[in-house]
Amino acid sequence: MTTVDRAAPPASRPTRPARRRSRRSREWVGYLPYLLPGLIAFTVVILIPFGMNIWYSLHKWKGGAAPLRWYGLGNYTDLLADEQFWTSFRNSIAMILAMVVVPTLIGLLLATTLFDVLGKRFGPRVASVLRATYYLPQILPVAVAGVLWNWILNSQTGAVNVILRELGVANPPNWLGSTDTALPTVMLVLIWIQIGYPVVIFMSALQRVDPELYEAAELDGAGWWHRFRAITIPQIKPETFVITLTCTVAALKVFGPIYVLTRGGPESSTLVPSYYSYLNFFDKSKVGYGAAIANVLTVLIILVAVVIMVLQARSARREEEGR
Amino acid sequence: MAAPIETLPTPVAGRPPRPPRVRATEVDRRHRRGTARWFVLAGAVLVAVVMLVPFLIMVLNAFKAPADYSQNGPLSWPAEFYTEGLRNFWTRVNFPEKLVNSIWISGAVAVFGVTLSLFSAYALGVGRVKGRMSIVTLFLLANMLPQEVLVYPLFQMAQQVGLSNNQWSVIIIFTVIQAAFGTYLLSSVLGTFPKALLEAASLDGAGRWRTLWGVVFPVVRPTLSVLLIFFFIWTWNEFFIPLVMLTTNATQTIPVALASLQGDRLMDAPTTNAGALVSMIPAIVFFLIFQRTLTRGITAGAVK
């Protein structure tokens with residue numbers, strides 16, 4: 001493996017740059033054996049299953065040993081008329097609100113507070129302890145955090161309602177069990193889980209910003225809010241894009257918290273695409289249909305990701321031109 | 001946060017003499033912040049308390065007898081140190097076995113995933129294999145795929161090769177998924193690998209294999225160890241694919257075992273809380289051990 005093509009015969013030495021280029025142009029072939037395991041594994045575990053999933057989605061199939069029956073694009077046209085399908089994607093917007101928008105805004109507020117006020121006035125230890133506390137839910141397996149919340153919010157024996165009854169509330173809400181409250185409750189839990197991530201990233205972003213910018217602005221008499229808008233926001237734009245991208249993709253994919261909190265219920269009020277697809281695969285035995293849902297979700301995720309990345313590239317380019 | 005609303009001096013001619021004014025506002029602000037900072041601290045601590053309350057309630061009720069709970073509620077101090085809930089959960093799910101399962105699966109994925117990433121990234125970053133941009137993009141896109149799109153075919157494939165309900169199926173799947181990300185990250189790191197080192201190795205007559213282990217590996221070892229920790233923790237926290245692939249208690253990981261007990265008659269308040277508590281402990285221990293690496297890794301990943 002070591003010396004496969006090393007002996008490149010130096011037959012007629014052409015001019016130096018040309019020789020170098022030709023050597024380099026062949027050299028990469030010798031590295032192919034290192035790429036092969038990765039490519040094979042990737043093909044077997046990701047590309048082929050993805051292709052099979054597309055194939056399944058063109059059939060009606062109960063799964064297992066049952067025969068596949070060709071259905072063309074039928075599963076996809078069925079989706080269009082499926083009320084639950086639309087509910088699941090509408091709920092994705094709620095997931096984006098709870099996992100991207102709110103955590104990013106609160107996270108930015110917390111990070112600037114920790115960095116600007118607490119870190120400077122009370123010392124870095126205070127700031128880092130608080131930051132670790134905000135981050136704590138992020139390190140837990142999301143299913144474990146969900147099981148805990150599921151109990152806390154249980155209508156009969158859960159901590160919240162037991163406390164509410166002690167306080168004299170006769171009929172405390174059935175948080176996860178009623179169609180009115182289930183979605184907002186799930187969103188609150190997701191915000192709790194998610195908040196630490198933007199805090200940590202924004203705090204390190206703020207450390208990156210050149211303090212001289214702030215000093216200059218302060219000398220010009222710019223107030224806190226003005227400095228925040230004119231310096232902080234533009235300076236931490238790269239991190240904001242990364243958080244938006246990663247969290248939006250995560251919000252569209254979300255499965256674990258829904259599974260342990262509500263299983264999509266009650267009456268599909270917290271149904272999300274990934275759980276709906278799971279339900280069709282393993283509960284309703286409608287494999288082709290489940291595959292179609294997963295494919296639509298994939299297309300949506302890639303579209304959203306591409307849009308965010310294009311916006312990021314455009315914003316970076318505009319900044320470069322501005323300078 | 002009391003944002004001081006200050007009038008911005010417009011940069012026009014004839015503004016008041018500068019130095020005394022600046023000093024005045026400085027003193028002013030410091031004075032105002034002197035009290036305001038305590039309010040800001042109180043607000044930040046309040047948020048921290050809100051984040052911690054679920055954990056505190058969990059710990060309080062993990063060791064409280066069910067009768068005590070129904071009588072005195074979730075906020076009271078336990079009347080006696082009740083360990084029946086913990087014991088229930090421990091024996092019911094055979095917790096030590098789940099712990100070993102989780103460690104084995106996550107550990108294997110971390111080691112295999114990092115090795116696979118290193119090989120691929122060596123070819124892409126150092127070897128500059130043709131078409132590397134499209135390969136890296138492909139790997140990156142794979143990271144965005146929802147696992148639902150892969151799970152049924154993988155489930156079928158595992159059954160065909162005799163790996164159904166076998167931890168190796170999960171190990172193989174996550175090795176590839178994590179390595180897709182690892183390759184993307186490492187190949188950009190190796191793309192900037194110092195040429196001088198590589199040339200020196202090649203002058204010494206080292207082949208590609210020896211260069212990889214003798215020159216490249218020692219230099220990128222810190223990055224690899226960050227990847228190793230991340231792969232371990234990510235796999236530890238995974239839920240969906242282990243839930244589908246590992247169907248019996250004996251093969252399951254901690255999160256899956258805990259979640260599949262949900263709704264069980266046995267799961268009274270102390271058992272649920274004790275179960276959540278012991279299921280969290282390993283994750284918290286990792287975090288405490290690797291805190292520095294993790295924070296550095298999260299932020300490094302963000303800035304790329």
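Remarks
- Expected 222 nm ellipticity per residue - DSSP helices of 4 or more, -39500 (n - 2.57), all of the protein assembly as shown, to 500: -22000 deg cm²/dmol
- Extension gain, B:TRP168-B:ASN72: 0.36 nm per intervening residue step, less the Cα-Cα distance, totals 29.9 nm.
- Per-residue Cβ neighbour rank within 10 angstrom, fewest leading, B:MET144, B:MET133: B:MET133, B:MET144
- The Cα trace of region A:77-322 gives Rg and Dmax of 21.3, 68 Å, the first to one decimal, the second as a whole number.
- For region A:254-320, applying the loop criterion from DSSP together with a ceiling of 12 other beta carbons within 10 Å to the GluC sites (Glu not before Pro) yields A:GLU267.
- Reachable lysines, given that their alpha-carbon falls under 20 Å from the alpha-carbon of A:LYS237 and they are not under 8 places away in the same chain: B:LYS304
- Set A:LYS62/A:LYS253; A:LYS60/A:LYS284; A:LYS253/B:LYS98 screened for pairs whose C-alpha atoms are more than 19 Å apart: A:LYS62/A:LYS253; A:LYS253/B:LYS98
- Hydrophobic, long helices, defined as DSSP H runs whose alpha-carbon span along the helix axis is 18 Å or greater and whose mean Kyte-Doolittle value is at least 1.0, occur in chain B at B:95-121, B:132-144, B:167-191, B:217-237, B:269-303.
- Taking region B:94-260 and dividing mean pair separation by its residue count, relative contact order in percent (alpha carbons under 8 Å, at least six apart): 45 percent
- Whether region B:94-260 is rounded, prolate or oblate, judged on the alpha carbon gyration tensor where a/c under 1.5 counts as rounded: prolate
- Between the amide H of A:HIS59 and those of A:TYR71, distances stay under 5 Å, these residues lying 5 or more places away or on another chain, with hydrogens modeled in the peptide plane.
- Across region A:140-150, coupling constants 3J(HN,Hα) worked out from phi with the 6.51/-1.76/1.60 Karplus curve, θ = phi - 60°, read 7, x, 4, 5, 5, 4, x, 4, 4, 5, 4 Hz, and Gly and Pro carry x.
- Global geometry of the protein assembly as shown, whether rounded, prolate or oblate, following the gyration tensor of its Cα atoms and the 1.5 cut on a/c: oblate
We did not get these values from a lab; they are worked out from the coordinates using the rules stated. Small disclaimer: the values here were computed from a predicted structure and weren't measured. Backbone-built Cβ (ideal geometry, glycine too); neighbour counts: all protein chains shown.
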